[in-house]
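Here the structure comes first, spelled out in structure tokens, and everything after it is commentary.
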Amino acid sequence: MLRYILQRLLLIPVLLFLFSVMVFALVQAPPGDYLTSYIATLSSSGSSLDQAEIEALKAQFGLDQPVYIQYVRWIQSLLRGKLGLSLEYQRPNVELIAERIGLTLVLALSAFVFTWIVAIPLGIYSATHRNTLLDYLTTVLNYIGVATPNFMLALILMWWAYSQFGLSVTGLFSREFEQAPWSFAKVIDLLKHIWVPMIVIGMAGTARLTRVMRANLLDELNKPYMTSGRARGLSEWQLVMKYPVRLAINPLASTIGWYLPEIFSGSLIVATVMNLQNIGPLLLRSLINQDMYLAGSILLIYCFLAIIGTLLSDILLAWLDPRIRMEKT
Amino acid sequence: MPSSIKPVTQPSASSLSQEPLLRVEDLKAYFFMDEGTVRAVDGVSFDVFPGKVVGIVGESGCGKSVTMKAILQILEPSAKIISGKVTLRSRFNSLDPDSPEELVELTGLHPDSRKIRKIRGSEIALIPQEPMAAFSPVYTVGNHIIETILLHQDVSKQEARQIAIDVFRSVGISMPEQRIDSYSWELSGGLRQRAIIAMALSCNPRLLIADEPTTAIDVTTQAQILKLLRKLQEERQTSIIFITHDLGVIAQMADEVVVMYLGMVMEKGPVHTIFKDAKHPYTQALLRSIPSVQSTPRLKLPTIAGSIAHPFNRPAGCPFHPRCKHFMRGVCDASQPALAPIAEGHFVSCFLYSSESMSPVATGRQAVPATENNP
Ligand SMILES: Nc1ncnc2c1ncn2[C@@H]1O[C@H](COP(=O)(O)OP(=O)(O)OP(=O)(O)O)[C@@H](O)[C@H]1O
Ligand code: SF4
Ligand SMILES: [Mg+2]
């Protein structure tokens with residue numbers, strides 16, 4: 001097992017290198033660069049830059065260099081831990097990301113917890129009470145949950161809260177707390193706001209997870225070891241909790257793999273629609289403005305988390321399932 | 001009263017200890033499915049006396065396993081017990097050899113009630129048909145056994161582990177301290193079977209239900225396992241319901257034999273009677289299909305002309321009549337023969353020996369097409 005983990009860890013730098021090339025190529029791909037979009041913004045507001053100023057800026061940003069040099073410079077700054085300089089903000093990307101990472105994590109983790117707390121019991125109930133009214137209801141809600149885009153749900157909730165209660169549910173803070181330093185009152189204010197985006201972001205995942213849990217459990221409930229357990233005198237409840245639930249959780253562990261990068265990306269569209277100050281809008285803005293080092297850095301972190309997440313999933317699975325554990329020793 | 005629910009032998013004394021340990025009377029269990037109703041068990045009666053081995057034989061699908069699940073009330077949700085009565089002499093304390101007893105009607109208990117859960121595993125233990133699947137793959141075999149012991153006995157985890165190790169040793173597993181921490185899929189077929197037997201014996205049950213305990217293992221191991229079961233049975237005076245396709249195994253193991261066909265009992269009696277003096281055409285066909293003792297490879301599935309009827313489409317009258325050499329038109333397909341005594345302890349359900357048919361109520365129920373749920 002240890003050797004297996006070590007092998008996987010050694011693979012990470014190689015994968016990261018490949019991903020960095022791909023990410024850079026992708027961010028570079030749209031026509032023009034940061035300056036072109038910067039000039040376009042300026043001219044739409046009526047001002048303009050002369051040729052000399054443009055050349056000076058080009059040189060300053062390194063945009064006059066060939067693409068591979070730009071890549072190398074980005075990588076160098078990555079290795080120094082700076083993740084490069086944001087062209088738009090003229091600040092190290094690390095700082096920009098760090099400012100938003102806290103809220104991103106709080107939001108994503110609360111959505112994650114919400115998902116599991118709702119989905120696991122609901123899935124267990126649905127499977128053990130198969131074909132009852134509540135099971136059908138759960139199934140219908142799951143279909144709706146999976147099929148509704150979450151930004152749509154966000155818009156509906158925003159409209160509903162506003163038209164019914166005159167409440168604005170966008171953002172994570174009330175106006176008076178937005179710029180205020182952290183305090184107990186600010187945390188309370190955050191808690192008052194966070195449940196709407198939490199539900200919005202967590203809903204699709206909850207629906208999906210409930211369905212997965214139900215299906216996994218239904219598989220396990222018919223296994224002969226259940227009959228054997230009943231014949232030994234275990235109650236239904238003891239039996240379901242100890243055996244099938246334990247096995248049904250296994251496939252869920254593998255979802256951590258893709259959940260980790262999700263957490264970081266901060267649900268781009270929802271966050272933009274609901275004006276949540278997490279990583280999502282930052283990434284969107286950097287892509288629109290062709291702020292390529294910022295966009296590249298965020299995307300690369302995303303890839304890194306995907307790699308780590310998959311590794312964590314594998315380790316977790318091996319830990320949960322002795323058959324896999326033995327195989328990989 | 002239909003004769004089919006008479007006990008095999010009348011208890012000679014009125015004391016409880018002369019009574020059968022388990023009495024199954026006219027048990028019926030059906031599966032209700034969209035495709036129709038499967039009458040998996042359709043009127044089964046037999047008694048199990050203390051310290052005796054009852055062998056149940058019949059071709060695949062005749063309802064042997066479902067009968068056992070119905071006795072333990074662990075049927076699948078799609079199955080229902082339609083009628084019948086299962087009575088068990090249950091000890092108040094399964095660890096005390098002189099424990100007082102009570103008669104418990106298992107069919108009257110809720111399947112998830114505390115009372116029947118206490119009986120399962122400690123009074124009646126099951127050796128399930130699929131040995132691979134008796135254990136969950138993610139827990140060690142010891143975990144399962146200790147769990148069972150903790151459920152039924154008032155001991156600490158440490159003591160339970162020691163009991164598990166002891167019972168492992170008693171079923172002939174070497175290095176029990178290590179083996180107890182293995183997973184079922186790490187054990188060989190023979191060891192796994194021994195572990196299952198150990199689990200079944202761990203709480204000292206008085207009745208063991210062994211559902212084809214040797215089908216999944218090779219012939220040599222099979223012989224060892226049978227010897228072990230026989231030895232344990234003699235030492236502990238455990239009663240066993242032994243289910244098999246294999247009449248050869250019945251000859252070695254059983255005291256009494258119950259021959260089943262399509263959910264019904266065709267013939268039952270003491271083992272020597274069945275082998276020397278079988279009366280029912282189905283039993284006779286089964287016996288003819290056993291290769292002689294000299295030819296070693298024994299066929300598991302006796303080959304009898306014709307095939308078993310489809311579960312949804314059961315023949316009217318005697319269930320065996322489409323395959324029977326002695327079929328009498330207008331008699332055998334008109335009504336169903338009752339299980340009638342023809343000698344002391346020997347019962348046969350066939351019109352060759354008795355003109356008695358099932359009681360009108362039961363016949364009426366038989367006449368309902370098996371596919372009544374099917375539009
Ligand atoms: N879960 C189920 N759903 C529907 N029908 C079932 C189910 N289990 C068993 N049956 C039906 O009940 C009948 C009896 O099955 P059972 O398992 O008792 O046979 P068996 O005598 O134990 O056979 P085998 O020797 O193959 O184990 C069969 O016709 C089978 O199709
Ligand atoms: S009742 Fe008739 S068909 Fe059935 S076994 Fe006897 S002779 Fe054969
Ligand atoms: Mg069976």
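Worth a mention:
- Put B:SER136, B:SER170 in order of accessible area, highest first, and with a 1.4 Å probe you get B:SER170, B:SER136.
- Modelled FRET efficiency - R0 35 Å, B:GLU101 with B:THR215, Cβ distances, 0.05 increments: 0.55
- When shorter helices are ignored and each DSSP H run of at least 4 residues is given -39500 (n - 2.57), the per-residue value for chain A at 222 nm works out to -25500 deg cm²/dmol.
- Relative contact order of chain B, taken over Cα pairs closer than 8 Å and 6 or more residues apart, is 20 percent.
- Charged-residue dipole, Cβ positions (Lys, Arg, Asp, Glu), the protein assembly as shown about Cα centre, Debye nearest 20: 1120 debye
- Within region A:183-218, backbone nitrogen closer than 17 Å to the virtual label 7 Å beyond the Cα of A:ILE156 toward Cβ: A:196-208
- Distance in nm between pseudo-label sites at A:ALA40 and B:SER289 (7 Å out along the Cβ direction from Cα): 8.2 nm
- Within 10 Å of each Cβ in A:232-244, the average number of Cβ atoms from other chains: 5
- Computed about the Cα centre, the dipole magnitude for chain A is approximately 1440 debye when only Lys and Arg (+1) and Asp and Glu (-1) carry charge, each at its Cβ.
- Percent carbon-and-sulfur accessible area, region A:100-320, ignoring ligands, DNA and RNA, probe 1.4 Å: 71 percent
- In chain B, helical runs assigned H by DSSP with n ≥ 4 each contribute -39500 (n - 2.57); averaged across all residues and rounded to the nearest 500, the mean residue ellipticity at 222 nm is -8000 deg cm²/dmol.
- Counting Cβ atoms of other protein chains within 10 Å of each residue's Cβ and taking the mean over peptide B:193-205 gives 1.
- Under Karplus coefficients 6.51, -1.76 and 1.60, residue-wise ³J(HN,Hα) of region A:171-178 in Hz, glycine/proline x: x, 10, 9, 6, 4, 5, 9, 3
- Solvent-accessible surface (1.4 angstrom probe) belonging to B:ILE82, in square angstrom, nearest 10: 70 Å²
- Compactness of chain A, taken as the C-alpha radius of gyration over 2.2 N^0.38 Å, stands at 1.23.
- Between the beta carbons of A:TYR89 and B:GLN158, assuming R0 = 60 Å, the FRET efficiency works out to 0.40 to the nearest 0.05.
- Amide H within-cut-off set for B:VAL265, under 5 Å, with H built and near neighbours excluded: B:SER45
- 17 Å reach of a label modelled at B:ALA133, 7 Å along Cα-to-Cβ, counting backbone N of region A:191-229: A:216-229
- For the residues A:LEU305, A:LEU42, A:LEU247, a GNM of chain A with alpha-carbon springs under 10 Å puts the largest fluctuation on A:LEU42.
- Region B:182-200-region B:90-168 distance, computed between alpha-carbon centres (Å): 17 Å
- Under Karplus coefficients 6.51, -1.76 and 1.60, residue-wise ³J(HN,Hα) of region B:74-86 in Hz, glycine/proline x: 10, 5, 4, x, 6, 9, 10, 7, 7, 7, x, 9, 10
- Solvent-accessible surface of region B:18-264, taken per residue with a 1.4 Å probe and all protein chains present: 36 Å².
- Binned Cα-Cα distance frequencies in the protein assembly as shown - 10 Å width, integer %: 3, 12, 17, 17, 14, 11, 9, 8, 6, 3, 1, 0
- Euclidean distance of C-alpha centroids, region A:76-106 and region A:212-248, integer Å: 48 Å
- Extension gain, A:SER47-A:ILE69: 0.36 nm per intervening residue step, less the Cα-Cα distance, totals 4.8 nm.
- Inter-chain neighbour count for B:111-123: the average number of beta-carbon atoms from partner chains within 10 Å of each residue's beta-carbon is 3.
- Selection from A:ASN275, B:ASN93, B:VAL38 lying farthest towards where the dipole of the protein assembly as shown points positive, charges on Cβ: B:ASN93
- For chain A, averaging the sequence separation of C-alpha pairs within contact (under 8 Å, six or more residues apart) and dividing by the residue count gives a relative contact order of 28 percent.
- When A and B come together, around 2200 square angstrom of accessible surface is lost from both chains combined, probe 1.4 Å.
The values are calculated or read from the model by the stated rules, or taken from the named source; none is laboratory data. Note that the structure is predicted; figures quoted are calculated from it, not measured. Quick reminder, even Gly has a Cβ in these numbers, built from the backbone with ideal geometry, and neighbours come from all protein chains shown. The area values use the complete protein model at the heavy-atom level, side chains included, leaving out ligands, DNA and RNA. Shrake-Rupley method; radii C 1.70, N 1.55, O 1.52, S 1.80 Å.
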